[in-house]
Structure formats: structure tokens, C-alpha cells
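A short worksheet on the structure shown next.
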Amino acid sequence: MKAILAQPITKSAASDFQRLLEDKQFLTLPKVGDIVKGRALSVSKTEVHLDIGGYASGVVRGRELYNESAEYGDLKIGDETEATVIELENELGELELSFRFAGQRKSWDNINTLKDDSSMVEVEVVEANKGGLLVRMGHVVGFLPVSQLLPEHYPRVPGGDKTKIQDQLKAYIGQHLKVKVLDVSPDDDKLIFSEKKIVEDEQLSRISSHGVGEVHEGPITAITDFGAFMEFNEGLTGLIHISELAWQRVDHPTDVVKIGDIVKAEIININGSKVFLSRKRLVLDPWKMVEEKYHIGDVVKGRVLKINPFGLFVELDSDIHGLAHISELEAADITGGIKVGDIAEFKIISLKPNEHRLGLSLKALKGNVSAPDPQASISSPDSAEVIAVPIKEETSLLAPETSDQSKDATQ
């Protein structure tokens, strides 16, 4: 028998063999659903043939050429890429592969990277609903909630009418917006974007040089139901909540300020990238001197500002407003005797300057003062005055309404 001499293994062959042993894909046969790596052998408009690690070939064809990731659209012969196994052997004995599923995974991986890096991207608005905008980034559709819009894009709808909000949002369809990824969950097919996060991240690095108590002057740049946004210190933006615009009751910020107005405000809180300001704290609290002008038992004239289910809000002067609780009104007043805008006489029955409360009565003018029920949830004019329920002016005292108007200060 002729002896067979073993040939020595070259370093190059040993290196290739070691690489194959370390390649998990080479040692493990693929299963349906696996993502495999391959090198493009041929590329056409109808199909792509891949060499899978030298031990198998596969084909991507038909609808499976649909590309979720941009790299598949520019694929050339010799390029390495990934595909998902959808059939172990087709009629030609090849692996049947798909770019769609591998592309979707790659797209979601890219989105996760964008979130981790806090990168800014551009999206196209494709649809609008009452809660926000549907936007597209590449082949993936995500959601941009109303609460994550920039102040200048936030829909300004009196009363928070959802149909009118949607109508305003539809104006953005077709536009491109710059956003950051706020939340992503491929398993739940959830992708949330934010415009606000861009501004918040920019502000965060600059806000550290500012502190509570600082006074700034700047223009009003946007107004919502819950307050006004003011720009200060070359681009930083803060919120003046509706309750911090003035000492008197404010039904809507536009009653006090308009876009473009130059105002002074004091920083009262900094929470991360959010700055909260106050306009009213820079002027003297008129309630500190209210006892010099008004006293319990005084009969005063006031203008009815608003009719709520629990009583009348009455303006005594530009700074001091009082409440005539429903228990302090005559039946004739409730059934239509008093309208918004009427001037009427009231008797002051309570006064608490520290709590900004002044109680009024019509019954007391006739000596018919009702005794408040101590068990009632709004048992007296004093306790009722702090409750503010937005109601249409024409609302009857006998038919309380509720409002969907949002006053979320995080906007």
C-alpha cells in the first residue's frame, strides 16, 4: 500500500479554519426566523442571491425585497448584509430569505441608537388625530403627542375643543419637523417622538447658571390655556403659569398678555430643563391692603364676571374679586335675575386676606342670611371661592358643566 504523506497545514489555512470554528453561523444550521449574514452574489430588481458563509446559498425575491432599512436599497455585488430565513429549502434547493424582517429589526436597532445618543432627526407628518401627529421616519411610523410639541406648534383652542384641535393639527400634514426619540418599544410597535426634548436638552446645559429669585425681561412667545411662555436670556424659555400671571382671577392668559408683549418675571422654580416664572410676584399683593378698603358688613357694588354652579364671581375693583356663594343668593337671582356683566350691590360677609378670599351675599342685604351647612363640601363662601370650574358664561346655576380644558403645566 502506498503511503499517503500528510501535508503540513499552512498558517493561512489554519487561520481560516479557526475563523470558521468561531463563526456560530457556520457551526449551526439556520432555522426559520433566524437572521443570517451573507454576501451578495447577484443583485437585480426582482431578486438578490446571497452566499451564506460558503455552505449555503439563499435568495431574496418578490415582496421580500421590501426594504425597511436604507442599506438594502443600495446593495451591490460583494456587499455583506443580513436577511431573515423564511423557508429552509425552496424549489431550487436554496434558502428562501427576506429583507423585510431583518430590515425592520435593523430599523428598530437604529432608532434605539438614536434614543441612546439623544440624536435629532427629521420626520414627516403623515396624519393627525385629536391626541397628536402621526409621523414617518424612513419606513417606520411613530407618534408625536400634542404635549410634546413646541409651544409655537401647540394648538391654541379656547375650551380645549378636541375637534378643533385636530383641525389645527391637520395643517402640519406634509411638513417636516425636527424631533428626538422620547420612547421606543419594538415589541409593542411603539415609537414616541418629541419636539420639546430638543429645546429641553439645549436648555439643560445652560440653565445651571440661573437660579430661583432672578428677575428677567423678555417677550411672550406662545400662549396656551394653562399659561404663557416667555423667552429670556437669549433663547431660554420659561412658563408663566396662569396662576402666576396676576393676583386677580384670570380666566385665560390672553386676558392679561399677548404674544410679543415684553414682560418682567421672576424665576420661582427650576425643574431639570423646565423653568417656571411668576409675573405677579413682582407687584404688590393687593390683598395685603384689602382691609383698608373693604370691611365685613360693607355694602359694595360689583360687576358679575362669571356664573358658576356654586355662585357668582364678582369684580369689586381691578384687583379684588369676591364670590357670592349660591347659598347667599335669592331664588329669583338663580332663575335669571342676574346675568354676566350686571352691576349689583352685595354685602361683604367674610374677608380673609391671607387666603385671598372675600365672601359676598345678596340675602344679607335683606336681612335674610342663611346659616351655612358645616358639613357641605363647599360649605361657605370662603371655602367655595378657591374652587374654579371653567363654565360657559351663559351656564345656568342649576345645570353645572364640566370642562375638558387642560391646565397641565408641563406643557
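Assorted remarks:
- GLU234 being more than 22 Å from LYS180 (Cα to Cα), assigned by TED's automatic domain parsing to the domain that holds LYS258 and assigned to a loop (DSSP other than H, G, I, E, B): yes
- Residue in the stretch 49-59 that is under 44 Å from the mean Cα position of the chain (by Cα), at pLDDT 80 or above and within 26 Å of GLY93 (Cα to Cα) present: no
- In the stretch 33-44, the residue that is farthest from GLN104 (Cα to Cα) out of those that are touching a Ser or Thr at 6+ places or on another chain (Cβ under 9 Å) and aliphatic (A, V, I, L, M) is LEU41.
- Of all residues in the stretch 118-145, none satisfies the criterion of being outside any loop (DSSP other than H, G, I, E, B) and among the hydroxyl-bearing types (Ser, Thr, Tyr).
- VAL275 falls short on exactly one of the conditions (1) surrounded by fewer than 20 Cβ atoms within 10 Å (Cβ to Cβ); (2) farther than 28 Å from SER318 by Cβ; (3) modelled with pLDDT of 90 or more, and that condition is (1).
- Scanning the stretch 284-319 for residues that are touching a strand residue (DSSP E or B) at 6+ places or on another chain (Cβ under 8 Å) and either of a type in the set (Gly, Ala, Ser) or assigned to a loop (DSSP other than H, G, I, E, B) (or both) turns up TYR294, HIS295, ILE296, GLY297, ASP298, GLY302, PHE310, GLY311, LEU316.
- Residue count for the stretch 205-228 under the criterion of being out of contact with any helix residue (DSSP H, G or I) (no Cβ under 9 Å at 6 or more places or on another chain) and touching a residue at least 40 places away in the same chain (Cβ under 8 Å): the result is 10.
- Qualifying residues in the stretch 132-164 (those that are modelled with pLDDT under 85 and of a type in the set (Val, Ile, Thr)) - the one surrounded by the most Cβ atoms within 10 Å (Cβ to Cβ): VAL157
- Check on GLU202, surrounded by fewer than 17 Cβ atoms within 10 Å (Cβ to Cβ), out of contact with any helix residue (DSSP H, G or I) (no Cβ under 8 Å at 6 or more places or on another chain) and assigned to a helix (DSSP H, G or I): yes
- Being outside the structural domain of PHE313 (by TED's automatic domain parsing) and touching a residue at least 60 places away in the same chain (Cβ under 8 Å) is a property that ILE165 lacks.
- Qualifying residue in the stretch 340-349 (condition: in contact with a Pro (Cβ under 8 Å, 6 or more places away or on another chain), assigned to a strand (DSSP E or B) and on the phi < 0 side of the Ramachandran plot): yes
- When the criteria are applied in full, ASP189 fails the requirement of being within 18 Å of the chain's Cα centre (by Cα), charged (D, E, K, R) and under 18 Å from ILE111 (Cα atoms).
- Per the conditions (1) at pLDDT 90 or above; (2) assigned to a helix (DSSP H, G or I); (3) touching a Phe, Trp or Tyr at 6+ places or on another chain (Cβ under 7 Å), the sole criterion not satisfied by LYS115 is (3).
- So LYS339, is it over 14 Å from ALA364 (Cβ atoms) and crowded, with 20+ Cβ neighbours inside 10 Å: no
- If you filter the stretch 172-195 down to residues that are of a type in the set (Asp, Glu) and out of contact with any helix residue (DSSP H, G or I) (no Cβ under 7 Å at 6 or more places or on another chain), you find that the one that is modelled with the highest pLDDT is ASP183.
- Checking GLY260 against (1) surrounded by 14 or more Cβ atoms within 10 Å (Cβ to Cβ); (2) not in a strand (DSSP E or B), the condition it does not meet: (1)
- From the list ASN233, ASN129, the one residue that fits, being over 18 Å from the mean Cα position of the chain (by Cα) and among the polar types (S, T, N, Q), is ASN233.
- Failed criterion for GLY78 (all others in (1) assigned by TED's automatic domain parsing to the domain that holds ASP187; (2) modelled with pLDDT of 90 or more hold): (1)
The values are calculated or read from the model by the stated rules, or taken from the named source; none is laboratory data. All figures in this text were calculated on a predicted structure; none of them were measured in a lab. Cβ atoms come from the backbone with ideal geometry, glycine included; neighbour counts cover every protein chain shown.
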